[in-house]
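To start, the structure under review is shown below, and the notes come after it.
The values are calculated or read from the model by the stated rules, or taken from the named source; none is laboratory data. Just so it is clear, the model here is predicted, and its values are computed rather than measured. Positions of Cβ are generated from backbone atoms using ideal geometry, with glycine treated the same way; all protein chains shown enter the neighbour counts. SASA here: full protein model, heavy atoms, side chains in, ligands and nucleic acids out. Shrake-Rupley method; radii C 1.70, N 1.55, O 1.52, S 1.80 Å.
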Amino acid sequence: LLRLTDDTGLIQHAKYIIPERRHGYCTDDNARALIFITKYYKQNPTPEILRLFEIYLSFLYHSIKPDKTVHNFMNYDRSWQPDEPLCDALGRVIWALGTVIANCPNEDYVPIIKEFFHDTASHIQSISPRAKSYAILGLAEYMKKFTDDAHSKHLLKTAADVLWTIYNKTSSKDWQWFENSITYANAIMPAAIFDAGRILNEKKYLHIAKESCDFMLRHTFNGSYFSFIGSNGWHTKGQSRAKFDQQPIEAAYTVIMLAKAYETTKDEKYIDLQKKAFEWFLGRNDLNISLYDSKTKGCCDGLCEHGLNINQGAESLISFLLARLFMNETAAKSLNNQLSPPAQIER
């Protein structure tokens, strides 16, 4: 993480482990890095970790446009790329800011970050369903500190209602999913709906969270190990799935989905599945190859048909670190029995 981070932020890509400066930075990666480092600081409150927190937070602050949406891609000369394609960066920024508010290293930050949070959250209604999922996770974090915030609760319900509506329009007996294709960062949508259902105590959200989570597991877990949907073709309804290239973000978000599933239901099977999802990084996968590199402390960018993509960029590294962190959190909750009673799942 230190190798890929400079005074501006987290560099997006690497050639093997050499940071590729010509590709610059992106808000997506710096938001995910801020989520990780904020939670990690609670376990390791060192000046070095705090410095990374300040770098990633500063990057996100700089990404906010006058209209309170965000830039995503920054060139190495610190200029923002014009005419960016639509992306989910705003949702990830909301997730990151909510996480900072819930776990802030310095409470003096909170009033300022709360302002950033509400500015960006004002756009939740207009962002994509997947971006809404990230935003829901951010709202859930925010409401750990501000439990009675009626406006945030309204935003949470509004975003969850959109996911519930599109799920009911698209899903069928043999396709219990939010879209007609399983593509990128899939498990984040069931993860978000678990949070929404638990916080709002809404059975209809909990029902589709459980249903879509189990559907995703059926399509990625073969009974022994996880084989995630490949990016070389994805998986369209009614067609065969792509086996490769499998990406670390799918393993990470599956770990997060299973953390939310266990937190909501207390079903121990999700802990066992979560461990298996994490073990994908360590070689329990289709090729029996570890994507985590113990020598460089990085994570390879993908599991390809003929081996590894040996480049170790930011998304892959943060995916590994987030997965490890969420697995630790789930283990601690299980051990200490800190969870609330399981929500009732409507069947």
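Kindly establish whether Lys295 is surrounded by fewer than 18 Cβ atoms within 10 Å (Cβ to Cβ) and touching a residue at least 60 places away in the same chain (Cβ under 8 Å). Against the criterion (surrounded by fewer than 18 Cβ atoms within 10 Å (Cβ to Cβ) and touching a residue at least 60 places away in the same chain (Cβ under 8 Å)), Lys295 does not qualify.
Of the residues making up the stretch 12-45, those that are over 17 Å from Leu325 (Cβ atoms), open to solvent by 10 Å² or more (accessible area, probe 1.4 Å) and not acidic (Asp, Glu) number 10. Checked against the criterion of being open to solvent by 50 Å² or more (accessible area, probe 1.4 Å), within 25 Å of Arg32 (Cβ to Cβ) and in a loop (DSSP other than H, G, I, E, B), the stretch 242-249 has at least one qualifying residue.
When the stretch 192-222 is limited to residues that are in contact with a Leu (Cβ under 7 Å, 6 or more places away or on another chain) and of a type in the set (Gly, Ala, Ser), the one that is nearest to Glu250 (Cα to Cα) turns out to be Ala192. Of all the residues in the stretch 159-169, those that are within 22 Å of Ile249 (Cβ to Cβ) and open to solvent by less than 30 Å² (accessible area, probe 1.4 Å) number 3.
Condition test on Gly230, is it within 25 Å of Asp272 (Cα to Cα), of a type outside the set (Asp, Glu) and not in a helix (DSSP H, G or I)? For Gly230, the condition - within 25 Å of Asp272 (Cα to Cα), of a type outside the set (Asp, Glu) and not in a helix (DSSP H, G or I) - is met. Checking Ala140, Ala131 one by one, the residue that is touching a Cys at 6+ places or on another chain (Cβ under 9 Å) and part of a helix (DSSP H, G or I) is Ala131 and no other. Scanning the stretch 259-292 for residues that are under 23 Å from Leu1 (Cα atoms), open to solvent by 30 Å² or more (accessible area, probe 1.4 Å) and among the aliphatic types (A, V, I, L, M) returns Leu282, Ile289. Annotation note: of Ser133, Ser128, Ser122, the sole residue that is within 25 Å of His154 (Cβ to Cβ), under 19 Å from the mean Cα position of the chain (by Cα) and surrounded by fewer than 17 Cβ atoms within 10 Å (Cβ to Cβ) is Ser128.
Among residues of the stretch 203-240 being in contact (Cβ under 8 Å) with a residue 12 or more places away in the chain and charged (D, E, K, R), the one that is farthest from Ile136 (Cα to Cα) is Lys237.
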